[in-house]
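Participant: Submitted below is the structure of interest, expressed as structure tokens.
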Amino acid sequence: MSDADLRALFADLRFGGTRLDPFGAACFVAEGRILVEDLLSWGRAGRMEVVAVLAEESQAEAARSLLPQGTELLTSTKPELEALTGFPFHRGLLAAARVPEARALESLDSARRILVLPSTADAENLGQLLRTAAALGLDGALLGPGPDPFSRRAVRVSMGASWKLPLWRVEDPWGPLERWKQGGGEIVAAALPGSVPAWEWEAPARCALVLGAEGPGLSDAELARCDRTVRIPMAEGVDSLNVAAAGAILMAKLAGAI
């Protein structure tokens, strides 16, 4: 790929989606030293295909020693970098990598503890939920329609969980979830109607935790497909938690961390 083709992968990042390289492969962008160095380590191990790194001139030499074989290094002044990305950028380091191939649905069957997000609406909430799931050692996340986990905001907030955590992405997660359940286990929804307090819930060894969309939550039809519902008791006069915060508490309970 030419220098211009590679730089185009980093153009107008404020719009935040994945972009195609000249070969038609979807690529995502990671921002900042910690996230980029992590991505490069996966590239050196052959687990990710990192196409290019774009470094501010002051960081170029340090980045060069970390490059996987075949990864191109581009350098830029800070004003040039900000003009290319389309916003004030202070981290000095970017990397573009190819989106990994979709994970086969058959591999879901062997997962023991999974996060299920049928219709998450916000990319940053998605990123935070994936980060928490990875941190707590869940086996993966089953995702329905919603933000791309490889969008700029989701990747940034997930701190690499977008590519580290096994993801299964489908239009309708309920069919695969029903097949998963045939191997034994329980589908648990976060909801208020008929639910038990989270502190009283003991997750089985094989369990899927389902979180609804911000605002509407899960529909009655979706709740009917779950085996039980759990809730986080709230103090009087306090509104419900953000889905990422609630999900963190419930995933910690699922993982046996609390």
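Participant: Which ranges mark the helices (runs of 4 or more DSSP H) fully within the range 1-72 that have 3 or more residues being more than 19 Å from V157 (Cβ to Cβ) and in contact (Cβ under 8 Å) with a residue 24 or more places away in the chain?
Facilitator: 3-8, 33-44
Participant: Could you check how many residues of the range 90-109 are in contact with a strand residue (DSSP E or B) (Cβ under 7 Å, 6 or more places away or on another chain), surrounded by 11 or more Cβ atoms within 10 Å (Cβ to Cβ) and not basic (K, R)?
Facilitator: 9
Participant: Looking at (1) assigned to a helix (DSSP H, G or I); (2) in contact with a Gly (Cβ under 6 Å, 6 or more places away or on another chain); (3) among the charged types (D, E, K, R); (4) more than 20 Å from P147 (Cβ to Cβ), which is the one condition that is false for R91?
Facilitator: Here R91 meets the rest and fails (1).
Participant: When you look at A102, is it more than 18 Å from D38 (Cα to Cα) and out of contact with any helix residue (DSSP H, G or I) (no Cβ under 7 Å at 6 or more places or on another chain), yes or no?
Facilitator: yes
Every residue, every condition in (1) small (G, A, S); (2) farther than 29 Å from A221 by Cβ, yes or no:
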site: L108; (1), (2): no, no
site: R112; (1), (2): no, no
site: S119; (1), (2): yes, no
site: A141; (1), (2): yes, no
site: S158; (1), (2): yes, yes
site: A161; (1), (2): yes, yes
site: P176; (1), (2): no, no
site: S195; (1), (2): yes, no
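Participant: Since A121 meets every condition but one in (1) in the same structural domain as L138 (by TED's automatic domain parsing); (2) exposed (fewer than 13 other Cβ atoms within 10 Å of the Cβ), which condition does it not meet?
Facilitator: Of (1) in the same structural domain as L138 (by TED's automatic domain parsing); (2) exposed (fewer than 13 other Cβ atoms within 10 Å of the Cβ), only one is false for A121: (2).
Participant: Any residue at all in the range 17-28 that's of a type in the set (A, V, I, L, M), in contact with a Lys or Arg (Cβ under 6 Å, 6 or more places away or on another chain) and surrounded by fewer than 20 Cβ atoms within 10 Å (Cβ to Cβ)?
Facilitator: Taking every residue of the range 17-28 in turn, at least one turns out to be of a type in the set (A, V, I, L, M), in contact with a Lys or Arg (Cβ under 6 Å, 6 or more places away or on another chain) and surrounded by fewer than 20 Cβ atoms within 10 Å (Cβ to Cβ).
Participant: How many residues are farther than 15 Å from G32 by Cα and out of contact with any Lys or Arg (no Cβ under 6 Å at 6 or more places or on another chain) when one looks only at the range 77-99?
Facilitator: Counting residues in the range 77-99 that are farther than 15 Å from G32 by Cα and out of contact with any Lys or Arg (no Cβ under 6 Å at 6 or more places or on another chain) gives 7.
Participant: Can you work out which of the residues in the range 160-192 that are within 13 Å of D227 (Cα to Cα) and touching a helix residue (DSSP H, G or I) at 6+ places or on another chain (Cβ under 7 Å) is surrounded by the most Cβ atoms within 10 Å (Cβ to Cβ)?
Facilitator: Looking at residues that are within 13 Å of D227 (Cα to Cα) and touching a helix residue (DSSP H, G or I) at 6+ places or on another chain (Cβ under 7 Å), I get A189.
Participant: If I filter the range 109-123 down to residues being assigned to a helix (DSSP H, G or I) and of a type outside the set (D, E), which single residue comes out as nearest to E171 (Cα to Cα)?
Facilitator: Among those that are assigned to a helix (DSSP H, G or I) and of a type outside the set (D, E), it is A123.
The values are calculated or read from the model by the stated rules, or taken from the named source; none is laboratory data. For clarity, every value in this text was computed on a predicted model and none was experimentally measured. Here the Cβ is made from the backbone with ideal geometry for all residues, glycine too, and neighbour counts use every protein chain on show.
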